[in-house]
Structure formats: C-alpha cells, structure tokens
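Structure, as structure tokens:
The values are calculated or read from the model by the stated rules, or taken from the named source; none is laboratory data. Computed from a prediction, not measured in an experiment: that's the story for all the values here. Counting neighbours? That spans all protein chains shown, and the Cβs are built from the backbone with ideal geometry, glycine included.
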Amino acid sequence: MTDTTEFSRGNPHGAGADPAMDALKQWFLREVLPLEAALMQFLRRSGRGKSEIEDLCQDVYVRVFEMAQKQLPHPVRPFIFAVARNLLIDRIRKDQVVPIETVAEWETFDIAFEGPGLDRVVIAREELRRLQTALDLLPERCREAVILRKVEGLSRREIAQRMGIAEFTVNAHLTHGVRALADMVYGDPASLRRKP
Amino acid sequence: MKEARAAASAEDICKAASEWLVKRHDSGEWSERDEMELNVWLAQSSAHSVAYWRLEDLWGRADRLGALRRSAPEAEPIRSSLMLRMAALLALIIVLLGGAGVAAFIIAPQSHAYQTALGGHRAVTLKDGSQIELNTDTAIRVAERGSGREVWLDRGEAYFSVKHDDARPFTVYAGLQRITDLGTKFVVRRDSQKLKIAVVEGYVRLNASDGVSHQNAAILRAGEVALATAGNLSVTNQSNAVLSEELGWRRGVLTFHHERLADAATEFNRYNAQKLTVVDPSVGRLQIGGTFPISSVKEFAESAKEILGLNIIRRGNEIIITR
C-alpha cells in the first residue's frame, strides 16, 4: 500500500532534511554563534560602516560554514578570526587604502580577547539576564508584542486584539524584535552591560 | 550560491529570515507548502541558512523568558454547549465500556500493521494519498477497501492527514471511540488512561464505536480538543499556536508553556531511554517553559537546574531532578 518514511529526530526543518546538515547546524550554533560578539567587536575596529560590518560578519559565517561542510575546523576561534582577517584584507586591497597600524592591531586582537572559559551555568544565567535587558531596550510597542508572545504565550490574533492593531503589524513587531534581540544578545552584548 | 550572496545585503537576508521565522512559529498559519518553500529558501544559499538558524536560536532562547513568570496559566474555557451535546454520548460510552473495542478488533478485515519503537517517528502513505504519521511507541493497523478506509490505533499517537472521499469514509478506531473524517487533519493520542483527539483542520465526527449511534455523534471542529477518560469527556478550544506546538513531535521538538516539571519529564520519558525522575512533588509542581529537541533530555535537565535553581543527579540511565 505504501511508502513509509523513517524520520531522524531532532530535525527542526521537518521531514526529509539531511542529518549531516543538522549536525552542522548544531555545530554552528554551539561553536560559532557564541563568537559573534568578539567577531563584531573585531570588525567594528576596522572603522567601516554598520551595514558593511553586517555584510562582513555574514561573509565570515558563510565561508566558515562552507569550509566546515568539508571539514570541521578545530579549534574554531583562531580559524574564524583568520577568515575575518582575510576578508578585511581583501576589502582593504580593493579600497587601496591601508592603515598599517590597524592591520597590526588585528594581528594580536583575538589573542588578547581570549579569556578563561566560562562555566556553562554562568553563561546560561548571564544569557537570561542579557535577554531581559535586551528586551527592555526594544521600542515600546515592539517589546509589548514580544512579551505577549514569548512570556504570555498568546497567539498572533490574541496579541492583535490585545494591542488593538492588525495581525500584520504584530508580525512586523515580532520580526523586528527577533532581529534586534539577536543583534544585541549575540552581536553586541557590551551594550547590555552599559545600560542596566 | 555566490550570486545570491552578492545580490542581497546581510540586512535584507536577515529581514527575510525573520519573516520566515515569525510566519513559521508565531503566525498560526503554516502549511506543508510553506514548509517546502522555506526549505527551498534555506537551500538557496548558506547565508540564508545561517541567518535563519541564528534568529531561530535566539527566538528559542527567548522562550525561557516565559519560564520566569511563575503565575498559573488560565484554564482554557470549556464550551458548555458542546458539553451538553457530549453528555448523551458519555452515557453511551459508559454502557459500552469493555465490549466495543474488542468487537472492532475481531471484525478487522485483512489489515497492515505499522509500529514505532520508543523515540520512533514514521510516516505511512496510503494508496489514496492520505498520510499517517506515527509518534513514539505507537501501533496501528490499516485496512483499505473499496467501501472505506479504517485504521485501528492500538497504542500511542498518530497524526492523520486525510484525502477526503464521501464514498469511502476514513474511520479511526481508538478504544471505545470512533472518529470519522469529514475532510480533515487531526491527531489522536491513546494511552492507558485516556484518549485525546485534536482537530487541526476541517471537521471530524466522534462516535462511540458500536456502529449504531449516529444520533449521538458529536462534531469536532478545527481547534477543538476532546479528552475522553473512562468516566469523563470534555472538549476545549485551543489556539492554532497551541495545537501546532502539541504537534511539535512531527518536527522533533517538545514545547512547554508553564508546564509542571513533572509533566514535562513524563513527556520526555515518552521518547527517550534516558529517563527523567522528579521525586519531590513540590519540585514536580514548579513550572517550566521552552522548546527542546525531543532527544535533549540532558539539556532539558540542565535548563531546569539553571532556571529553577535545582540540582541534578545522574544514576545510570536516569537523571534525577531534585532540590
């Protein structure tokens, strides 16, 4: 009668996706994403504009990810900074402007950044605190929508009714919210320390 | 892949990723077609995948914010009119206790059996294109005949996506209940104490399974969840979002909102050989929320430890959560 399909568990994209891709995704979330703060700090030092830095960060992720599909780099951190450095140098070559002292600074940057490994428990506690702080920094209506969704667990329709806005607008608040939270929590945690 | 990367800025990709994410997790509208289109978009470029995962990770973490809120959730209102309609059915169920299930078993025509082991997940496609997804530790038998299609849910939980055909009714027998498709997607979960039927799309008709009680049939609509125990039957309404979370097993995740720790542990134990034990009832009553991969027993215990300030003890294949 019949086709049957066995699914692998832990696959967030539903049936049929590649388990190797899933393993790679888990690796990326576990090993690469926590380095975003350091990576962004490194990229910001190049003195480039915000959107260019975001593009660079994305290029780093894409290169690291595509290389990891062939072989997982180990250790991860120096590999990522080497990729970032190479990308920056490529850009500077294109610009044909080379501020020597900046390059010298990059060479030592990630070594100086290396701190003692934090206990996972401390990280989890710190992460929850950061998330709360980041939430407080969202624009008011956006924050309200995110809280109704994530803390109160309301549906989109219920949120729209509660806030007296269209469901479409709830979407806009939530999509803005998730991006802003990710940028603060992953990309710029220092901003969350400055503003209590 | 390179072209896609060059064409869109990181900001544009991030925006698109956030729209996919919110549509998938928060809009209450997500079809198989959407799932397919998302997978296509993700496969288009590594930049798409990475941007989506990053936001998805953050959004999952944000579920923990809910765990901080300790107040009890409000109970879903029970629809009283439906309760009345159900009363007659309930009386019949009590009368029939003990007989009908066995009868259904005996009259089963030549059937095919499918099952899953602990932690298993399997999809069966019938000749007519209807699909059945089996959750962990589930056994079904299927008979397809010209006159109709019949499925016996002998144990566990299954999701039915039925190609409706008026001439060939699609019927699910589960214990004393008979569920007939009226054009629909629904999920039936059976364990020793109770039976739960949740309608995701369309309608189903619920009867006691004696085959003569059409006058006592109740219609369940999309969003309605019927819970039947030996002496009780209730119907509640649930939002799309809640229903879709209850079907998280189809995507390999468990989602909890203000769930008692003891109940969350029971849910994990349905899927995993590594068991969670909560001994102290006062610990079992603590509430927790979040979305977890079904197999992440250890990570769940760690979260409970962290968020609720508890301790965990590992003993062989068991993780004990305690003060």
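A few notes on this one:
- Neighbours by Cβ (under 6 Å, 6+ apart or cross-chain): first from the stretch A:160-177, within 10 Å of chain B (Cβ to nearest Cβ); second among the polar types (S, T, N, Q): A:Thr175/B:Ser18
- Unmet criterion (only one of (1) crowded, with 17+ Cβ neighbours inside 10 Å; (2) more than 11 Å from every other protein chain (Cβ to nearest Cβ)) for A:Ser191: (1)
- Strands (runs of 3 or more DSSP E) fully within the stretch B:234-320 counting 3 or more residues that are modelled with pLDDT of 85 or more and within 13 Å of chain A (Cβ to nearest Cβ): B:253-260, B:287-293
- When B:Ala167 is tested against (1) under 16 Å from the mean Cα position of the chain (by Cα); (2) farther than 21 Å from B:Gly252 by Cβ, only condition (1) is not met.
- One residue from B:Phe186, B:Phe170, B:Phe160 being modelled with pLDDT of 85 or more, under 27 Å from A:Ile159 (Cβ atoms) and of a type in the set (A, V, I, L, M, F, W, C): B:Phe186
- Residues of the stretch B:237-268 that turn out to be buried (at least 17 other Cβ atoms within 10 Å of the Cβ), over 23 Å from B:Leu220 (Cα atoms) and among the polar types (S, T, N, Q), as a count: 1
- Evaluation of B:Leu153 against (1) surrounded by fewer than 20 Cβ atoms within 10 Å (Cβ to Cβ); (2) modelled with pLDDT of 90 or more (one fails), failing number: (1)
- Matching residues in the stretch B:175-188 - criterion: being assigned to a strand (DSSP E or B) and in contact with a helix residue (DSSP H, G or I) (Cβ under 9 Å, 6 or more places away or on another chain): B:Gln177, B:Arg178, B:Val187
- Among the residues of the stretch B:111-126, those that are within 13 Å of B:Glu150 (Cα to Cα) and part of a loop (DSSP other than H, G, I, E, B) comprise B:Ser111, B:Leu126.
- Residue ID - surrounded by the fewest Cβ atoms within 10 Å (Cβ to Cβ), chosen from residues in the stretch B:28-47 that are within 18 Å of the chain's Cα centre (by Cα) and small (Gly, Ala, Ser): B:Ser31
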